[in-house]
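Read-outs: derived from the displayed coordinates by stated rules, not from any lab. Note that this is a predicted model, so its numbers are computed, not measured. Methodologically, a virtual Cβ is constructed for each residue, glycine included, from the backbone with ideal geometry; neighbour enumeration extends over all protein chains shown.
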Amino acid sequence: MVQVNENYLKLKAGYLFPEIAKRVKKYSQSNQTSNIIKLGIGDVTEPLPKACIDAMGKALNEMGTSEGFMGYGPEQGYSWLREKISEHDFISRGCEILPEEIFISDGSKCDSSNILDILGKDNSIAVTDPVYPVYVDSNVMTGRTGNANENGTYQGLTYLAINEENDFLPEIPKNKVDIVYLCFPNNPTGATLTKEDLKKWVDYALQNKSLILFDAAYEAFIQDNHIPHSIYEIEGAKDCAIEFRSFSKNAGFTGVRCAYTVVPKKLLGFSSKNEEIDLWPLWNRRQSTKFNGVSYIVQKGAEAVYSQEGKKEVRGLINFYMENAKIMKNKLQIAGYKVYGGENAPYIWIKVPNKMTSWDFFDFLLQKVGVVGTPGSGFGLSGEGYFRLSAFNSRANVIDAMERIINI
Ligand code: MLT
């Protein structure tokens, strides 16, 4: 008799974004309307950079020739892409990240959950609240939490509330935790950490021999030069942090799929006998066994992000979405909403008015004006009473959505 992984039975609801899509579909079918603007999931809308298209087209043609055909690539990614990343994303910012420390993958969502493969089951874990739901759900699925409480939190996890009172900045936990997930610029609140804020976390991790899982998927949206783009800008971080990066949001690769994870060679974990164990060989072994790499064509597209033309086009995309965020923030503030984020991140975090719940506000906006956002409570208990709007959409849709909301 086949047994299931009962940890899955602890999950409270469907994954947030498919759940929203299901509700929107049901609403539009029963009301026979297609006039809905979707600012829910953070999915890009603008065409890929031409530099990437050209590079992928060329790579595809190469593959159609005997000389240019490529079979399996290295599981860790091609060295020419890892070298470009090392140079442009790290060395240029004073971070000594070597190409070998960079592992190319098909997404940060997968990497941030797959990383649990190399980490022990008994680690204590902290997440911010609200949080990108993948971190929590993947810990639940792998049996690293207890059951869900009535309020939807999971036993055994440490939740670090981020809210208006603390400017959406997580406080260092009072108890010792072994693993901390930090996502900055933050999804969903759009908050950022300064170097000083981040240094406190690095110091905490070094003191407690903890590991920081740093998700920097939105670093390209940073406008303020003082905000760090990588945790490795902080001294000591190579001894305590793994960083996740993605081409999804900067180069519009959500449908193309390419990302990378940095596992520094110096990074240590511990065996149950307290022996020091290098994490790099474990991740390398995990990827070599369970992953066959990202396609040559896609990696060529990612490489083009670092060409002069590619950089210019990516900057154009970022500016475009950040202009959307600015328009949204301004209009919503004029309409009297309390609004956060949107300055160094493509997400606007709204305080829900009139003591409505996040889901009430979701239904209200959908039914009243046909605008879809993400209920803050979907990101965690402390997200209740907030609502996230994504700046990833066409200018026309953003303007239309804002007009609809301010004219309610
Ligand atoms: C989001 O809307 O939070 C993002 O699309 C999530 C993701 O990148 O997987």
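Most exposed first by the Cβ proxy, i.e. fewest other Cβ within 10 Å, how do H88, H226 rank?
H226, H88
Taking the simple approach of a point 7 Å from Cα along Cα-to-Cβ for both I399 and S79, what is their distance in nm?
The two pseudo-label positions are separated by 5.1 nm.
Can you work out the FRET efficiency for the pair K355 and T65, with r the C-beta to C-beta distance and R0 = 60 Å, to the nearest 0.05?
FRET efficiency, K355 to T65: 0.40.
Can you give me the long-range amide H partners of F247? Hydrogens built in the peptide plane at 1.01 Å from N, cutoff under 5 Å, separation of 5 or more residues or another chain.
For F247, whose amide H was placed from the backbone, the distant partners under 5 Å are C258, A259, Y260.
Using alpha-carbon pairs under 8 Å, 6+ residues apart, how would you state the relative contact order of the chain in percent?
23 percent
Multiply the residue gap between V2 and E276 by 0.36 nm, knock off their C-alpha separation, and tell me the result in nm, one decimal place.
Stretched fully, the V2-E276 segment lengthens by 94.9 nm.
Can you run phi through the Karplus equation (6.51, -1.76, 1.60; θ = phi - 60°) for segment 377-391 and list ³J(HN,Hα) in whole Hz, with x for Gly and Pro?
Here the 3J(HN,Hα) series is 5, x, 9, x, 3, 6, x, 4, x, 10, 8, 9, 10, 8, 8 Hz.
Do any GluC sites (Glu not before Pro) in segment 35-85 lie in a DSSP loop with no more than 14 other beta carbon atoms within 10 Å, and if so, which?
Sites meeting the loop and neighbour criteria: E67.
Run the dipole for the chain about the Cα centre, Lys and Arg Cβ at +1, Asp and Glu Cβ at -1, nothing else charged, and hand back the magnitude in debye, nearest 20.
Roughly 1000 debye, rounded to the nearest 20.
Going highest first, how would you order 207-218, 136-147 by mean Cβ packing within 10 Å?
207-218, 136-147
Say a paramagnetic label sat at a point 7 Å from the Cα of L268, along Cα to Cβ; which residues of segment 123-147 have their backbone N under 20 Å from it?
123-124
Taking only C-alpha pairs under 8 Å that are 6+ residues apart, what is the relative contact order of segment 290-408 in percent?
23 percent
Mean separation of Cα pairs under 8 Å and 6+ residues apart, divided by the residue count of segment 1-156: what relative contact order is that in percent?
27 percent
Most exposed first by the Cβ proxy, i.e. fewest other Cβ within 10 Å, how do R395, R388 rank?
The most exposed by this proxy come first: R395, R388.
Where both residues lie in segment 53-308, what percent of DSSP beta bridges are antiparallel, nearest 5?
Given both bridge residues lie in segment 53-308, the antiparallel proportion sits at roughly 45 percent.
Most exposed first by the Cβ proxy, i.e. fewest other Cβ within 10 Å, how do S288, S271 rank?
S271, S288
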